[in-house]
1. Please work out which residue is nearest to ALA40 (Cα to Cα), limiting yourself to the stretch 4-23 and to residues that are aliphatic (A, V, I, L, M) and touching a strand residue (DSSP E or B) at 6+ places or on another chain (Cβ under 8 Å).
2. Inside the stretch 56-74, can you point out the residues that are of a type in the set (A, V, I, L, M) and loosely packed, with under 13 Cβ neighbours inside 10 Å?
3. Mind telling me which of the residues THR37, THR2 ends up being surrounded by fewer than 17 Cβ atoms within 10 Å (Cβ to Cβ), at pLDDT below 80 and of a type in the set (Ser, Thr, Tyr)?
4. Identify all residues within the stretch 24-34 that are open to solvent by less than 80 Å² (accessible area, probe 1.4 Å) and at pLDDT 75 or above; write none if there are none.
5. For the stretch 3-22, does any single residue satisfy the condition of being touching a residue at least 60 places away in the same chain (Cβ under 8 Å), part of a strand (DSSP E or B), in contact with a Ser or Thr (Cβ under 9 Å, 6 or more places away or on another chain) and not aromatic (Phe, Trp, Tyr)?
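The values are calculated or read from the model by the stated rules, or taken from the named source; none is laboratory data. Quick caveat, the model's predicted, so the values are computed rather than measured. Here the Cβ is made from the backbone with ideal geometry for all residues, glycine too, and neighbour counts use every protein chain on show. The area values use the complete protein model at the heavy-atom level, side chains included, leaving out ligands, DNA and RNA. Shrake-Rupley method; radii C 1.70, N 1.55, O 1.52, S 1.80 Å.
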Amino acid sequence: MTLQKLTCEICDRCVLVEKFSAAHTTVQWVDDANDCTFIAEAHRPLGDNDRACPALRRSIDNAVRSQELTESRIELPSVS
């Protein structure tokens, strides 16, 4: 796994990101996720699939578009 450091454009929270495709993104929080205003205000429990910040998602998408964040390639084993 190749995680890349990224800072949210809105709140400056730092995360580690690996982007595999438009639909698959891995995010690991460096700062406490509860420090994110959106997540804290939503009062979502840890592990909730809807516990995502739209500003962070935009920051990730913008970083991919500007090629600051590169997509990883997954090599799947061949089936015999």
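1. VAL15
2. Hit for the stretch 56-74 is ILE74, nothing else.
3. When all the criteria are applied, what remains is THR37.
4. THR25, THR26, VAL27, TRP29, listed by residue number.
5. yes
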